[in-house]
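To start, the structure under review is shown below, and the notes come after it.
The values are calculated or read from the model by the stated rules, or taken from the named source; none is laboratory data. This is a predicted model, so every value here is computed, not measured. When we count neighbours, we look across all protein chains shown, and the Cβ atoms used for this are built from the backbone with ideal geometry, even at glycine. When the accessible area is computed, the model is the full protein with side chains, heavy atoms only, and any ligands, DNA or RNA have been set aside. Shrake-Rupley method; radii C 1.70, N 1.55, O 1.52, S 1.80 Å.
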Amino acid sequence: MKYRLPPLNALRLFEAAARLHSFRSAADELGLTPSAVGHGVLGLEQWLGTTLFRRTPKGLALSRAGQRYYPIVCQALDLLSKGSEELGGHRKKHELAISAAPTFAARWLLPRLQDFRDRHPDIKVMLDTARGQSDLASGQADIAIRLGRGDWPDLAAELLMEEQLVPVCAPRLARRLSAPDRIDDAPLIHVNSASVDWDAWARITGRPAIDATKGLKFDTLEMAFEAACQGLGIALGRKPLVEPELRAGRLVEVCAAPVRSETGYWLLCPKRNEGSTAVRRFRDWIAAQARQADNGQEPSTPPPVSHRRGREAAR
């Protein structure tokens, strides 16, 4: 049978732009320029004879035709990916592609990863910490670690650890507070990519709403924690990510005991990958690591602290 097919690379560009609602974000994920993505999508629209996107005040949105076409393209790309992997594909049996947010990867996962490599030297690990998170459905990653509430109905999801929120500041600033719980004695430090954190903490603790327009603002948790270490204000620490500074004494907890966040760190993988040897070994290993960390056991080497600038896709 002779198939009349659209340009296949353009389908990949369309899928990424539709999923991310942005030509620029799609370009970042695919290693292209926004112009290349835009031209590729335009070529697909010309081939189809219809418009797939429309621009709105909030950004890029699918047209009615695009909404109908998107699930078809996803299904086709997924089928091609699965079929290629079953035939050997581009990835060897003992390779494992992991997607994780940069802060979690640098502060929690990397200090422990050598232990996994020592235990399973036959598994080649590829760690992706790109801002545009790898898409599990399309096979860009075998497994992912995400911060959330567990609402991933199409994926196998396992809670690794809960997150705790606690205000933190430099010891010298803590000594100047009129009382241990007087966070309004000092500027609050906010993170642009986590702008609702202080409000969530206030709601959980029964305190008045926090005015996010006041205080200092930074692009990343890394910069917020460093600013707090320099005595510039009080940051909302997230355990386990803030543990390196707390153990080193660069930051101290203020207010009451940490409160449980509404989110936690989850291990995710497509259900089709659950039987993979590499996935099963990593899942068992990281679950054990999470239990050890919960019991106060830390990695033997101190977590590296990155001062890389730029907004994080996720914490």
For the chain, take the longest principal axis of its alpha carbons; what is the angle in degrees between that and the long axis of helix 8-20, to the nearest 10 within 0 to 90?
30
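Using a cut-off of 11 Å between beta-carbons, work out the net charge of the residues near His120 (Lys and Arg +1, Asp and Glu -1, His120 not included). Each step should come with its number before you reach the end.
On the way: positive: Arg117, Arg119, Lys124, Arg280, Arg281; negative: Asp115, Asp118, Asp122, Asp284.
Charge balance in the 11 Å sphere: +1.
Relative contact order for the chain: what percent, with Cα pairs under 8 Å and sequence separation of 6 or more?
On the way: 478 pairs, mean separation 72.0, N = 315.
With pairs under 8 Å counted, the relative contact order is 23 percent.
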Let me know the charge dipole size of the chain about its Cα centre in debye, to the nearest 20, where only the beta-carbon of Lys, Arg (+1) and Asp, Glu (-1) is charged.
600
Note on the chain, DSSP bridge orientation, antiparallel percent to nearest 5 equals 65
Matching label, Rg and Dmax of the Cα atoms in Å computed from the structure shown, candidates (i) 22.3, 80; (ii) 20.4, 69; (iii) 24.7, 78
(i)
For the chain, what is the mean residue ellipticity at 222 nm derived from helices alone (per DSSP H run of n ≥ 4: -39500 (n - 2.57); sum divided by total residues; nearest 500 deg cm²/dmol)?
-11000 deg cm²/dmol
Could you give the spread of the C-alpha atoms of segment 225-272 along their three principal axes, from largest to smallest, in whole angstroms?
48, 21, 18
Find which of Phe53, Gly233, Pro180 sits farthest along the positive direction of the dipole of the chain, computed with +1 on the beta-carbon of Lys and Arg, -1 on that of Asp and Glu, about the Cα centre.
Phe53
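Share of the chain's accessible area from carbon and sulfur, percent, 1.4 Å? If you can, show how the numbers build up before the last one.
Details: 8620 of 16840 Å².
In the chain, the share of accessible area belonging to carbon and sulfur is 51 percent.
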Quick one: angle between helix 34-48 and the longest Cα principal axis of the chain, in degrees between 0 and 90, rounded to 10, please.
40
Looking at the chain as a GNM with Cα springs under 10 Å, which of Ala224, Ala16, Ala179 has the largest mean-square fluctuation?
Ala179
Regression test value, accessible area per residue of the chain, probe 1.4 Å, units Å², expected 53
Number of Lys pairs (Cα under 21 Å; 8 or more positions apart or on different chains) in the chain
9
C-alpha long axis of helix 277-294 to longest principal axis of the chain, angle in °
10
